[in-house]
Amino acid sequence: MRSSKALRALPAVAVAVLALAGGQAVAAPASGSAQQQVIAARVLTYDSSQAAEFKDAVTKGAAIWNDSVANVELKPVASGQRANIRIIADNGWPRTATTSLGSGTIYFGRQAVDEGYNTVRISSHELGHILGLPDMKPGPCSSLMSGSTAGTSCTNPNPNAAERAEVEDNFAGALASSAATRDLLFVD
């Protein structure tokens, strides 16, 4: 019985310690409560200042992901802030170097554009890597992550249901905010 009283007093003690230490205590809804906890989307910022002629395609690619998933939101970086994602135009093939889930550099290669690939599809595809998706090659045009294997006639910039679900899972809950560092290079 004595240990039961101690366990019931523990939350009050924790709140008091946090208050004395200058911390913030927040009451959580009781389990079984009808109140639903709303979790805000994780915001990732991108810097397209070096994307040259592909800035509009990057903006459209980000908007497509924002319309497709709820757990993550892509926004242009504010002036003077450091972005999670950098987009750089270059003359090579499009590729993405990730440093962790939601962070990295996209190299928007002109070679694929010169060969006839759709710029908005390239943007959406490369942002998909930043959001944790691997290439799915070979693949049909209906799969955004099939990349160049869908051919130059494919202009579909939208993730399919499986790709959307994987990104939602990648950014669900607290795990997304504490993702382990992982350096990956995707050359499409």
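The values are calculated or read from the model by the stated rules, or taken from the named source; none is laboratory data. This is a predicted model, so every value here is computed, not measured. All Cβ positions, glycine included, derive from the backbone under ideal geometry; neighbour counts span all protein chains shown. Accessible surface is based on the protein model in full, side chains and every heavy atom, while ligands, DNA and RNA are left aside. Shrake-Rupley method; radii C 1.70, N 1.55, O 1.52, S 1.80 Å.
The modelled label-to-label distance between A78 and E115, using points 7 Å beyond Cα along the C-beta direction, is 4.1 nm. Available extension along the chain between A161 and D90 is 22.5 nm, counting 0.36 nm per residue and deducting the alpha carbon span.
Of W93, W65, the order by accessible heavy-atom surface (1.4 Å probe, DNA, RNA and ligands excluded), from most exposed downward, is W93, W65.
Couplings 3J(HN,Hα) for region 57-69, derived from phi with the Karplus relation 6.51 cos²θ - 1.76 cosθ + 1.60 (θ = phi - 60°), are 5, 5, 4, 5, x, 5, 4, 4, 5, 4, 7, 9, 9 Hz, where x marks Gly and Pro. Potential lengthening of the chain between A172 and K137 amounts to 10.0 nm, from the contour at 0.36 nm per residue minus the alpha-carbon distance. Along its principal axes, region 108-159 has C-alpha extents of 27, 21, 16 angstrom, given from the largest down.
Placing Y107, Y117, Y46 in order of accessible area, with the largest value first and a 1.4 Å probe, yields Y107, Y117, Y46. Computed with a 1.4 Å probe over protein heavy atoms only, the accessible area of E166 comes to about 70 Å².
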